[in-house]
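First the structure, in the form of structure tokens, and then the observations on it.
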Amino acid sequence: MTETENDETSMAECGNCRAVIPSDSSECSECKIKFSGLSEDALGECGACGTLVPLESTSCKKCGVIFVADDVMDVLRNWLANTGLSIASLFDKFDTNGDGMIDSDELRQGLLSLNLADLPPSQIDRLIEQIDIDGDGKIDLAELEKSVTGAEYTPSEVEKEEDSEESEEENEEEEDSDADSEDSEEENEEEDSDADSEDDSESASKQYNPAEILEMLINVMDEQEANPAEIFHVLDEDGDKYVSSEEFSNTVGELLEGEDISQTSISDFIESLDLDKDGNIDIIEFISAIESQEDEELEEESEEDSNYSEKPPKEFPSPMQSAMITKKWNDIWWPLIHAAFFAFILIWVVNGIGLIVDGSGGPVALETSYGMGSGDLSEGDIYPCDAEIQVDNCANSLTPFSGEASSMPKGFYADGIFFIILGAMGMVGSMFTHLVLAKGWRERVKAMKEVESDTEDAKEASDDEDEGDSDSDEEENDDSVSDEDISEDEGDDSDDEEGDDSDDEEDDIDVGSHIGLTVDEEEFFGTIIEFDDEDELVTIKEDGTGDEITGYQDEMFLE
């Protein structure tokens, strides 16, 4: 790439691996992280949900996956407690190669598969150091048990029974292998009859999709206040830690109170949950499906809430209504709107009278005042109109939408009448909005302000009463207060009341009072010179300039 091309191409740094790539790239060519746009922060992609988050984040803001080893053990303990899964089962799920040890790759993939943590290699090594007691760089079951519970690992009775059952099953399988070969012929003969009976039962059974079956199991889990592990153990008929289609068919009726689910629906359910495609579902797959279903339900509920919140009630007054009830609109814009409609009507009335258009020279039927024609022309002959002999002086009216031409001899034609009616409707509408609607809006705003003021006054009065009650309690407990003091207090109260009354009288606003007035969000100060109680207006003479300012009475205030 030449130096000129470098200058023309905008480059940016990948937030994950620091590679310099074109800024319009949708994926890093080095580490394959997907991204969009530019960010001043170094960003990385969450391995669980793909959300871009700052590299210094300790968890994903969307799915909650942990990015640092410090909190992983607490998250794992809570997850085990909520799901009821045993540590031994969790260990078996993480130990993918079956060697009885969990290495760093198995630990990372196991935590990520459960959407618990997405740890980089450095954090994985740090977590293994916390769990690895013998320092061999791997985690065995005893070390995992010790880290999670703080106790030494001892096989539970259930695990011992499962192990003994497994060994017995292996012996039985070896013994039955010979018997199976002998019975194979009999089974082949019975398959046809079984197929017919299955078809009959299939038609009588109900069809459900996997999500519906999972929803029914979740409902049962909630009703019984059980955890997913307890539900799984009921479904696991033979206790081998796996649920096959046959086992599910045999046990699901017990959980769902005899619900008859078709074999096709059960097969689809098992297949949808079977992530490793081994034909069965294990407890991790079962728990992951339940958590995924619950997350989807939460997302749907949050979307419904957000959709509801996106439709707030209409605000009153709206910005337009607030403008239309101001003094500026009352004094300037409304009169202009009324005048414009009146002028529109007047133009078409004058047009109909024939005072606008001169039709001289245009073809018109001769009509003289004496009714005898003119020269060689007789009454009614079409000729170029002459204002000196035509009875109406060739007065015409505009006719843009009717008549044989754009103007006709004076008169009220259909288009003129239509425009006059249209202008009248506009004028009536503007007058109604100004004198009725805007006035009602103004009254409503005033009432809202009064309600707010009354609410504040009531709250202040309630606070004062609370303070008064506490004061009265103190006075009752104070035996040193004498009758003389009480009478003096009463006298003081009466003086205060008289003083308050005099203050109220002084606060009465009338012509000559000095007040402040808010007009179009500006404050003016001056002396009142006029009240208009009908329109609830007040006019003041502004201090300094001497200008007369008019505004609404509910917008005036004392300094």
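The values are calculated or read from the model by the stated rules, or taken from the named source; none is laboratory data. None of the values given here were measured: they were computed from a predicted structure. Every residue, glycine among them, receives a Cβ derived from its backbone with ideal geometry; neighbour counts consider all protein chains shown. Side chains included, ligands, DNA and RNA excluded: accessible areas come from the protein's heavy atoms. Shrake-Rupley method; radii C 1.70, N 1.55, O 1.52, S 1.80 Å.
A crude spin-label estimate for the pair Lys446 and Asp222, with each label 7 Å from Cα along the Cβ direction, gives 5.4 nm. Of the peptides 388-399, 279-290, the order by per-residue mean of other Cβ atoms within 10 Å, starting with the highest, comes out as 279-290, 388-399. Model label points for Ser406 and Asn78, set 7 angstrom from Cα along the Cα-to-Cβ axis, are 8.0 nm apart. Of Lys62/Lys241; Lys32/Lys93; Lys328/Lys449; Lys138/Lys277; Lys62/Lys138; Lys146/Lys277, which pairs sit farther than 23 Å apart, going by alpha carbon to alpha carbon? Checking Cα-Cα distances, Lys62/Lys241; Lys32/Lys93; Lys138/Lys277; Lys62/Lys138; Lys146/Lys277 exceed 23 Å.
For Phe419, the solvent-accessible surface with a 1.4 Å probe is about 30 Å², rounded to the nearest 10. Each Lys or Arg adds one and each Asp or Glu takes one away; over the other residues whose Cβ falls under 14 Å from the Cβ of Val357, this sums to -2.
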